[in-house]
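Participant: Encoded as structure tokens, here's the structure I'll be asking about.
The values are calculated or read from the model by the stated rules, or taken from the named source; none is laboratory data. From a predicted model like this one, the values you see are computed outputs, not experimental measurements. Neighbour counts run over all protein chains shown; Cβ positions are idealised from the backbone, glycine included. Side chains included, ligands, DNA and RNA excluded: accessible areas come from the protein's heavy atoms. Shrake-Rupley method; radii C 1.70, N 1.55, O 1.52, S 1.80 Å.
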Amino acid sequence: MEKAKISGSQLFTLMILFEFGSAFILPIAIEAKQDAWLSIMFGMIGGFLLFLVYYQLYRYYPNLLLVEFTKKIMGKWIGRLISFLYIFYFANIASRVIRDFGDMLLTFAYPDTPLFIVNALLMLVVIYTVSKGIEVLARTSQLMFILFYLSVISGFILIVCAGIIDFTNLQPVLEEGIWLPLKAALTQNIYFPFGETVVFLMILPYVKNMSKGIGLSAIGLTGINLMIIMIINVSVLGVSLTARSQFPLLSTVESIQVADFLERLDVFFMLTAVIGGFFKISVFFYATVIGTANLFEIKSPSKICFPLGLVILLYSLSLANNYEELIQEALKILPFSLNIHFQVILPLLLLTVAFFKNRAKLKKSDVTPHQH
């Protein structure tokens with residue numbers, strides 16, 4: 001672990017930018033059709049419950065990172081194996097998010113640039129920031145948070161002023177009953193973006209005066225904002241266009257025309273997307289670097305930033321043949337192949353074992369004084 005401390009407010013801004021990451025540019029929960037926003041709400045409630053599990057694990061071992069307390073809970077060998085799998089999981093998501101943003105920038109702004117160049121430039125900035133440590137990343141998140149919200153709010157005001165919102169697209173509510181949005185939440189939204197906060201078990205030990213309120217309010221604010229974004233997308237574009245669009249929010253922003261002179265406002269979208277993507281990649285990459293350094297007892301984590309960054313960059317290029325394939329994999333295969341294990345099953349298993357171990361310890365300490 002590096003010797004660093006970040007404040008509660010820095011954790012709050014970091015968590016929000018991290019969760020927005022790639023969630024607000026994709027058509028999440030669109031399987032629930034016009035009830036996609038309800039699905040996000042159910043996902044957010046699931047996210048609260050998962051975060052309480054992660055927070056309880058942190059409470060048992062407040063000075064240890066995820067890759068350290070797994071060894072304490074499960075014993076040296078099984079613990080090391082679980083830690084190694086978590087590092088692989090974090091690296092895998094980091095490369096997926098880089099690929100997401102690389103593809104988005106190619107589709108939108110740089111159609112003739114090779115994917116490798118775009119991904120490499122993004123990765124270089126991430127490697128540089130992460131090599132400076134968690135304090136620098138956390139302070140950067142405070143600055144970027146303001147910029148991020150200013151562009152989101154101004155974009156929102158422009159959409160309202162353009163008069164393109166049609167709320168009849170959201171009707172009828174619960175057309176196919178509550179099961180459809182609930183199913184979309186259980187198969188997608190709980191894991192993406194809310195369950196991904198499991199990565200913060202690699203950051204919580206650095207936080208001064210950590211409380212569960214910080215994490216819960218960050219998840220709550222993100223959930224509400226994603227609901228608003230999805231309501232706007234469906235209201236402006238309708239269900240079928242939102243579902244067909246690779247980046248529904250971009251299509252929404254492109255349809256803004258205010259008083260014949262305000263148009264082509266895609267810059268707003270680009271700015272917020274790149275900020276969110278940068279923080280999401282950085283947090284996962286930071287967890288990968290610190291976890292690897294810890295597992296293999298490397299004294300200075302910054303030395304392995306570049307080689308690990310290169311591996312993640314090359315892996316991101318080999319993930320899928322095209323963007324469609326990448327998204328299908330992320331939404332259909334990943335939740336059940338990886339996410340459910342690393343976000344739900346393993347944390348619950350670790351928490352159960354930790355609970356019994358700590359109970360046994362408490363009993364021992366209650367018994368000892370009476371023996372003297």
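Participant: Which of the aspartates and glutamates could a cross-linker span from residue 280 if the Cα-Cα distance has to be under 17 Å and same-chain partners fewer than 8 positions apart are dropped?
Facilitator: Correct list for residue 280: 19, 100, 103, 135, 196.
Participant: Let's test the formula: R0 of 51 Å, r as the Cβ-Cβ distance of residue 336 and residue 299. What FRET efficiency results, to the nearest 0.05?
Facilitator: Numbers: r = 39 Å, r/R0 = 0.76.
Using R0 = 51 Å, I get an efficiency of 0.85.
Participant: Same structure again: Looking at the chain as a GNM with Cα springs under 10 Å, which of 192, 306, 296 has the largest mean-square fluctuation?
Facilitator: 296
Participant: Continuing with this model, one more query. Work out, step by step, the length gained on full extension between residue 173 and residue 128: first 0.36 nm times the residue separation, then minus their alpha carbon distance; give nm to one decimal. Write out the running numbers ahead of the final one.
Facilitator: Working: separation 45, 0.36 × 45 = 16.20 nm, distance 4.70 nm.
Answer, rounded to one decimal: 11.5 nm.
Participant: Through the Karplus equation 6.51 cos²θ - 1.76 cosθ + 1.60, θ set to phi - 60°, convert the phi angles of the range 93-102 into ³J(HN,Hα) values in whole Hz; use x for Gly and Pro.
Facilitator: Once θ is set to phi - 60°, the couplings for the range 93-102 become 5, 4, 5, 5, 5, 4, 5, 3, 6, x Hz.
Participant: Along the Cα→Cβ direction, 7 angstrom out, place labels at residue 311 and residue 56. What is the inter-label distance in nm?
Facilitator: 3.3 nm
Participant: Sort 77, 179, 37 by heavy-atom solvent-accessible area, probe 1.4 angstrom, most to least.
Facilitator: Details: 77 190, 179 155, 37 60 Å².
Ranked list, largest accessible area first: 77, 179, 37.
Participant: A follow-up question, please. For the chain, with a Gaussian network of springs between Cα atoms less than 10 Å apart, report the residue from 63, 294, 321 with the top mean-square fluctuation.
Facilitator: 321
Participant: Taking N as the number of residues in the chain, what is its Cα Rg relative to 2.2 N^0.38 Å?
Facilitator: Working: Rg = 21.3 Å, N = 372, 2.2 N^0.38 = 20.9 Å.
Here the Cα radius of gyration is 1.02 times the empirical estimate.
Participant: Something else now. Using the Cα gyration tensor of the range 258-372, with a ≥ b ≥ c the square roots of its eigenvalues, what is the shape: rounded (a/c below 1.5), prolate (a/b larger than b/c) or oblate (neither)? Don't jump to the answer; show the numbers that get you there.
Facilitator: Numbers: a/c = 2.38, a/b = 2.08, b/c = 1.14.
Cα axes put the range 258-372 in the prolate bin.
Participant: Quick one: angle between helix 8-20 and the longest Cα principal axis of the chain, in degrees between 0 and 90, rounded to 10, please.
Facilitator: With both axes taken from Cα atoms, the answer is about 50 degrees.
Participant: Points 7 angstrom from Cα along the Cβ direction at residue 257 and residue 4: gap in nanometres?
Facilitator: Using points 7 Å along Cα→Cβ, the separation is 4.8 nm.
Participant: Please label the shape of the range 56-176 as rounded, prolate or oblate, based on the square roots a ≥ b ≥ c of the eigenvalues of the alpha-carbon gyration tensor (a/c under 1.5 means rounded; beyond that, a/b larger than b/c means prolate, else oblate). Kindly include the intermediate steps, with their values, before the conclusion.
Facilitator: Numbers: a/c = 2.00, a/b = 1.56, b/c = 1.29.
In terms of gyration-tensor shape, prolate.
Participant: In addition: Provide the per-residue ³J(HN,Hα) series for the range 239-244, in order, calculated from phi with Karplus coefficients 6.51, -1.76, 1.60 and θ = phi - 60°, each as a whole number of Hz, with x at glycine and proline positions.
Facilitator: Going residue by residue, I get 5, 5, 5, 4, 5, 7 Hz, with x marking Gly and Pro.
Participant: Further, regarding this structure: As a test of reading the structure, rank 164, 87 by solvent-accessible area (1.4 Å probe, protein chains only), most first. Intermediate values should be presented prior to the final figure.
Facilitator: Numbers: 164 45, 87 15 Å².
Final ranking, largest accessible area leading: 164, 87.
Participant: Give or take rounding to whole Å, what are the principal axis extents of the alpha carbon atoms in the range 110-226, in descending order?
Facilitator: 51, 43, 29
Participant: OK, next. Which aspartates and glutamates does residue 299 reach when only Cα atoms under 17 Å apart count, and residues fewer than 8 places away in its own chain are ignored?
Facilitator: 2, 68
Participant: Using a cut-off of 20 Å between alpha-carbon atoms, which lysines can reach residue 212, once sequence neighbours fewer than 8 places away in the same chain are excluded?
Facilitator: Output for residue 212: 5.
Participant: Roughly speaking, what is the stretch gain from residue 244 to residue 135, that is 0.36 nm per residue apart minus the C-alpha to C-alpha distance, in nm to one decimal?
Facilitator: Values: separation 109, 0.36 × 109 = 39.24 nm, distance 4.03 nm.
Here the segment from residue 244 to residue 135 would lengthen by 35.2 nm.
Participant: How much FRET efficiency would the formula 1/(1 + (r/R0)^6) give for residue 329 and residue 358, where r is the Cβ-Cβ distance and R0 is 30 Å, rounded to 0.05? The partial results should precede the final answer.
Facilitator: Working: r = 39 Å, r/R0 = 1.29.
Given R0 = 30 Å and the Cβ-Cβ separation, E is 0.20.
Participant: In nm, give the distance between the simple-model label positions of residue 318 and residue 146, each being 7 Å from the Cα along the Cα-to-Cβ direction.
Facilitator: 4.4 nm
Participant: Between residue 156 and residue 80, 0.36 nm times their residue separation minus their Cα-Cα distance comes to what?
Facilitator: Working it through step by step, the gained length comes to 22.7 nm.
Participant: Test of understanding: in a Gaussian network model of the chain with alpha carbons linked when under 10 Å, which of 329, 19, 68 would top the mean-square fluctuation ranking?
Facilitator: 329
Participant: How far, in degrees from 0 to 90, does helix 212-237 lean away from the longest principal axis of the Cα atoms of the chain, to the nearest 10?
Facilitator: Result, in degrees: 20.
Participant: For the chain, what does -39500 (n - 2.57) per DSSP helix run (n ≥ 4), summed and divided by total residues, give at 222 nm, in deg cm²/dmol to the nearest 500? Present the calculation step by step, with values, prior to reporting the outcome.
Facilitator: Numbers: 14 runs with 246 residues, N = 372.
Result for the chain: -22500 deg cm²/dmol, rounded to the nearest 500.
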